[in-house]
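What follows is a short report on a single structure.
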Amino acid sequence: MHTESARTQVLALAAAFATGALLALQSRLNGRLAETVGGFPAAWVSFGSGLLILSVLLVRAEHRSRLGRVWVAVRSGRLRWWQVLGGVSGGLLVGTQTYAVPLVGVAAFLIATIGGQALSALLVDRQGLGPAPAVPLSGVRIAAAITAVAGVAIAATAGGGSGGRATLGLVPVLLAFGVGMLLAVQQAFNGRVNTVTGAPTATAWLNFATGSATLVLVGTVPVALSGGPERWDAPAWAWWGGLCGVVFIALTAWAVQHLGVLLFGLVTITSQMATALVLDLGNPATRDQVGAQMLTGVAITVLAAGAAAAAAQSDRRSARRSAVPASPA
């Protein structure tokens, strides 16, 4: 049993690392698509394609049955109605990606998102919004979150200069920070929904359905006023953001049950930053920003994730010891 638990923990950590890399890649894909077709149309393509992929699974009665469990849980009170709306955060994330990434780049967008996510995850774990029990705010956890924010702040100010991307637009950065705070809440809600569905793909479908509705609701008027896209000739690789989102949501819904929102968020921070660096190094427009200061910020963030992992393991051991009933005298 102990070996199985340890294997699950390792797999959950690997899934968390993969979701961070996918988020960085999705940001690049959706940002590039938005440069051609516009922000909201790119977001619609990304979320709509993901919803289409997941809807294929609805032909299976088992998949429809697992989705039906959500409505049963809401009616019975096992789930609150607002706990099934995690996809709203996902829709806003993709919408913000398509707006902010062309303006500030992948790394800067993720840095702002990570900052919001790290702070919000503390409160999410403390309030027990996810499927795991509430976790008190320990000094190590608070220090890890603060250190993560410090690391991303150092990386965010790399490549300075009046013409560099470090001179960030205030609006896209604030939007990315706010979306990052919502992302931690989404992860917690998805974990709860996944305990009901028992299938990450069913949880992902619900996310894409609510996220798509959100994007249509907030984007229809702006697109109608702007006249819609005039070009559709984006590179073929830029159209795959929806698939990244499908895998991202499915892995998140499973992994957060085993790691907790704070630890999951800090592990994804590490892979987001690493992948963003690779993407920026591969882009001639951002390659010169990857220097010693940005790498220092990434290293600090990785250390923060390691500290959070150690604290989480200690908390789980303490919780297991507390849960063992005392032997009768």
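Bear in mind that the values in this text are calculations on the coordinates, not laboratory data. Just so it is clear, the model here is predicted, and its values are computed rather than measured. All Cβ positions, even for glycine, are placed from backbone atoms using ideal geometry, and neighbour counts span all protein chains on display.
Over all distinct Cα pairs, what is the inverse of the mean 1/r for segment 217-301, reported as the Kirkwood hydrodynamic radius in Å? Here the Kirkwood hydrodynamic radius works out to 16.4 Å.
Computed extension gain for Arg60 through Thr220, at 0.36 nm per residue and net of the alpha carbon distance, reaches 54.4 nm.
Ranked for footprinting exposure by Cβ neighbours inside 10 Å, fewest first, Val124, Val278, Val45, Val72 give Val72, Val278, Val45, Val124. Among Trp82, Trp254, the ranking by other beta carbons within 10 Å of each residue's beta carbon, starting with the fewest, stands as Trp82, Trp254.
Kindly state, to the nearest 0.05, the FRET efficiency for Leu103 paired with Glu230, given R0 = 25 Å and r defined as their beta-carbon distance. Intermediate values should be presented prior to the final figure.
Values: r = 20 Å, r/R0 = 0.79.
Efficiency at R0 = 25 Å is approximately 0.80.
Annotation for Arg78 and Leu11: the two label points, set 7 Å from Cα along the Cα-Cβ direction, are 2.2 nm apart. Using a simple spin-label model with pseudo-atoms 7 Å out from Cα toward Cβ, Trp71 and Leu295 lie 5.6 nm apart.
Jot down the per residue volume, in cubic angstrom and as a whole number, of the convex hull over the alpha-carbon atoms of segment 163-261.
Numbers: hull volume 15.9 nm³, N = 99.
Spelled out: Cα convex hull of segment 163-261, divided by residues, is 161 Å³.
Residue order for Trp232, Trp81, Trp240, fewest other beta carbons within 10 angstrom first, comes to Trp81, Trp232, Trp240.
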